[in-house]
């Protein structure tokens, strides 16, 4: 598989998140390496977290996603999180 430049993909995702009215007010760190996109931070609601996931997975070049994003006021469940493939994420139920 051919991977696009990491800085290009990360910048694209940052721009898309900043432009989308559902995610533009969220403060999230974005990194990308060899097909894996990582989003890190804390958001106000579970709906915000889901929106980040949807917007990120809609971008080209993303093979897997590490969603290291906590919801404010909820216990963190991120320790030891492994990346999920796009196929795993799209087949997961609510």
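The values are calculated or read from the model by the stated rules, or taken from the named source; none is laboratory data. None of the values given here were measured: they were computed from a predicted structure. Here the Cβ is made from the backbone with ideal geometry for all residues, glycine too, and neighbour counts use every protein chain on show.
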Would you tally the residues in the range 36-71 being closer than 17 Å to residue 8 by Cβ, over 12 Å from the mean Cα position of the chain (by Cα) and surrounded by 14 or more Cβ atoms within 10 Å (Cβ to Cβ)? 1
Out of curiosity, is residue 4 over 10 Å from the mean Cα position of the chain (by Cα), at pLDDT below 90 and surrounded by 15 or more Cβ atoms within 10 Å (Cβ to Cβ)? no
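Which residues, taken from the range 32-52, are under 24 Å from residue 5 (Cα atoms) and not in a loop (DSSP other than H, G, I, E, B)?
Narrowing the range 32-52 to residues under 24 Å from residue 5 (Cα atoms): 32-41, 52.
32, 33, 36, 37, 38, 39, 40, 41, 52, listed by residue number.
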Count of the range 33-64 residues which are under 28 Å from residue 75 (Cα atoms), in contact (Cβ under 8 Å) with a residue 24 or more places away in the chain and touching a strand residue (DSSP E or B) at 6+ places or on another chain (Cβ under 7 Å): 17
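Checking the structure you have, find out if any residue of the range 17-31 is assigned to a strand (DSSP E or B) and surrounded by 17 or more Cβ atoms within 10 Å (Cβ to Cβ).
Within the range 17-31 (the criterion being assigned to a strand (DSSP E or B) and surrounded by 17 or more Cβ atoms within 10 Å (Cβ to Cβ)), the answer is yes, since at least one residue qualifies.
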Tell me, which residue of the range 53-94 that is under 15 Å from residue 38 (Cβ atoms) and part of a helix (DSSP H, G or I) is modelled with the lowest pLDDT? 89
